[in-house]
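The values are calculated or read from the model by the stated rules, or taken from the named source; none is laboratory data. Keep in mind that what you see is a predicted model, and the values were worked out from it rather than measured. Glycine also receives a Cβ, built like all others from the backbone with ideal geometry; neighbour counts cover every protein chain displayed. Surface areas here come from the heavy atoms of the whole protein model, side chains and all, with no ligands, DNA or RNA. Shrake-Rupley method; radii C 1.70, N 1.55, O 1.52, S 1.80 Å.
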Amino acid sequence: MMTAPLKQGEQILVEVALGERAYDIVIGRDVLQSLGARIAALRPGARTAIVTDRTVAKYWLEKTESSLAQAGIPAARIVVEQGEGSKTYAGLQQVSEALIAARIERNDLVIALGGGVVGDLAGFAAAILRRGVDFVQVPTSLLAQVDSSVGGKTGINSPQGKNLLGAFHQPVLVIADTAVLDTLSPRQFRAGYAEVAKYGALGDEAFFAWLEANHADVFRGGTAREHAIATSCRAKAAIVARDERETGDRALLNLGHTFGHALEAATGFSDRLFHGEGVAVGMVLAAQFSAQIGMIAPSAAARLEHHLAEVGLPTHLQDIAGFAQEGLGDADSLMTLMAQDKKVTRGRLTFILLEAIGRAVIARDVEPSLVRDFVQARLASRF
Ligand SMILES: NC(=O)c1ccc[n+]([C@@H]2O[C@H](COP(=O)([O-])OP(=O)(O)OC[C@H]3O[C@@H](n4cnc5c(N)ncnc54)[C@H](O)[C@@H]3O)[C@@H](O)[C@H]2O)c1
Ligand SMILES: [Zn+2]
């Protein structure tokens, strides 16, 4: 879906159509300023608690608090350590106890100010506090703005695996301020961009082509950034509205993720590979595998690879940090990691494959030996 580029300072509203759980995503430069007024209109008299992490607090907590203060809204602050380590029982305990201490009750609001970690953690704490308190997402990473803040999945990790504990809990409002992304590290921004490109690759060839032409402005923070984020949110919102609980089409959003998760696991969920980087490599692998079984033209797979590489994302297994020194394990160990992905249903491998740029399909029952041989060949070859 193409819309005219915006002038700086305008905002875009994306409605997530989920019946009585419908809500708006407000996207634009400096929309964070409007948070207090929007909450006052949405929930007059509510108290709030802002959950954030140490890094985001440094840059954006004051601005958030002042917007709430101007609207006369009381706001407690709850600051967790940054990083995945907070998405744990201990992090959940810290946030839950602090919410209770802040006397957040059924008609009050939890505000998640941060990346996907804070959104998942604060959203889950809100879901279970007093059997469910509403929450507002203020996503501050590109990944959170285009992915984790849309769709209502919340949760924490178990020592046995990522995101194993959680709840569907939709926010009542999402404020995606694109200026906030200016303090994000370039590598984090790039990793989030992989999810943006994913929406084009899986369902919107025109958007993919638009990204090929406009990615520099998206990275620079021009008006293309708002358009890219809004188009991504619309794409995810449309799929979530069709399939809120992931029984069907929502699986398409996992393009690149079965390979990607295995690579994240193989690198120990460390800084060697950010999630979005794993998704970038995973999408290229999914496209190449699709080409190998004759599903997509090799030139289309190459087009996807070229675009991800041109923005600086890794696209080959060999691009992953430490590949030469530490490797990624062999094809069999990667297959085992893929089989552990929670999207696997009773041992059968489900992959999201590509028929074209803009046309992804859910392939159930993919023959494991074909995938294994493909992975082995990719491990051995640079191109
Ligand atoms: N719920 C969902 O549907 C969903 C979807 C995708 C991912 N996720 C989850 O999201 C998490 C990853 O999210 P993420 O990549 O945003 O990670 P993150 O929340 O850890 O943020 C990445 C880093 O960037 C910092 N940061 C965030 N915003 C910043 C800003 N504006 N300026 C400076 N620094 C900033 C954070 O402090 C952190 O160090 C994972 O836990 C993943 O499981 C959830
Ligand atoms: Zn993802």
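Here are a few things to note about the model shown:
- Condition broken by Gln33, with the remaining ones in (1) over 21 Å from the mean Cα position of the chain (by Cα); (2) under 27 Å from Lys236 (Cβ atoms); (3) of a type in the set (S, T, N, Q); (4) open to solvent by less than 60 Å² (accessible area, probe 1.4 Å) satisfied: (4)
- Complete set of residues in the range 192-225 that are open to solvent by 10 Å² or more (accessible area, probe 1.4 Å), charged (D, E, K, R) and either touching a residue at least 40 places away in the same chain (Cβ under 8 Å) or within 16 Å of ligand 2 (Cβ to nearest atom) (or both): Asp204, Glu205, Glu212
- In a residue-by-residue description of the range 118-127, the property of being touching a residue at least 12 places away in the same chain (Cβ under 8 Å), within 15 Å of ligand 2 (Cβ to nearest atom) and within 18 Å of the chain's Cα centre (by Cα) applies to at least one position.
- Checked against the criterion of being outside any helix (DSSP H, G or I), open to solvent by 30 Å² or more (accessible area, probe 1.4 Å) and under 30 Å from Trp210 (Cα atoms), the range 360-373 contains one or more residues that satisfy it.
- Selection from the range 180-191 of residues that are in contact with a helix residue (DSSP H, G or I) (Cβ under 6 Å, 6 or more places away or on another chain) and either within 16 Å of ligand 2 (Cβ to nearest atom) or open to solvent by 10 Å² or more (accessible area, probe 1.4 Å) (or both): Thr183, Phe189, Ala191
- Within the span defined as the range 215-232, one or more residues are within 13 Å of ligand 1 (Cβ to nearest atom) and either under 21 Å from Ile352 (Cα atoms) or polar (S, T, N, Q) (or both).
- For the range 125-166, a residue qualifies if it is farther than 21 Å from Leu337 by Cα and open to solvent by 30 Å² or more (accessible area, probe 1.4 Å), and the qualifying residues are Ile128, Arg130, Arg131, Asp134, Leu143, Lys153, Gly166.
- Pairs meeting the criteria (first residue in the range 267-295 and at positive phi, second residue in a helix (DSSP H, G or I) and surrounded by fewer than 24 Cβ atoms within 10 Å (Cβ to Cβ), beta carbons under 8 Å, at least 6 apart or on different chains) are Phe269/Glu84.
- Only one of the listed residues (Thr183, Thr178) is touching an Asp or Glu at 6+ places or on another chain (Cβ under 7 Å), within 12 Å of ligand 1 (Cβ to nearest atom) and more than 24 Å from Met338 (Cα to Cα). That residue is Thr178.
- Residue in the range 266-273 that is of a type in the set (A, V, I, L, M, F, W, C), within 16 Å of ligand 1 (Cβ to nearest atom) and surrounded by fewer than 24 Cβ atoms within 10 Å (Cβ to Cβ) present: yes
- Residues of the range 42-67 satisfying the condition of being closer than 20 Å to Tyr23 by Cβ and either open to solvent by less than 20 Å² (accessible area, probe 1.4 Å) or within 16 Å of ligand 2 (Cβ to nearest atom) (or both): Ala46, Thr48, Ala49, Ile50, Val51, Thr64, Ser67
- Any pair with Cβ under 6 angstrom, 6 or more apart, that starts in the range 149-161 at a residue that is β-branched (Val, Ile, Thr) and ends at one that is open to solvent by less than 20 Å² (accessible area, probe 1.4 Å) and within 15 Å of ligand 2 (Cβ to nearest atom): Val150/Cys233; Val150/Lys236; Ile156/Lys87
- Of all residue pairs spaced 6 or more apart or on separate chains, those with beta-carbon atoms under 7 Å, a first member in the range 306-327 that is farther than 15 Å from Ala201 by Cα and a second member that is of a type in the set (S, T, N, Q) and open to solvent by less than 20 Å² (accessible area, probe 1.4 Å) are Ile320/Thr267.
- Residue check, Ile100 within 21 Å of Leu164 (Cα to Cα), free of Cβ contacts under 8 Å to residues at least 60 places away in the same chain, of a type outside the set (S, T, N, Q) and surrounded by fewer than 24 Cβ atoms within 10 Å (Cβ to Cβ): no
- The one condition from (1) modelled with pLDDT of 95 or more; (2) under 15 Å from the mean Cα position of the chain (by Cα); (3) more than 21 Å from His169 (Cβ to Cβ) that His261 does not meet is (1).
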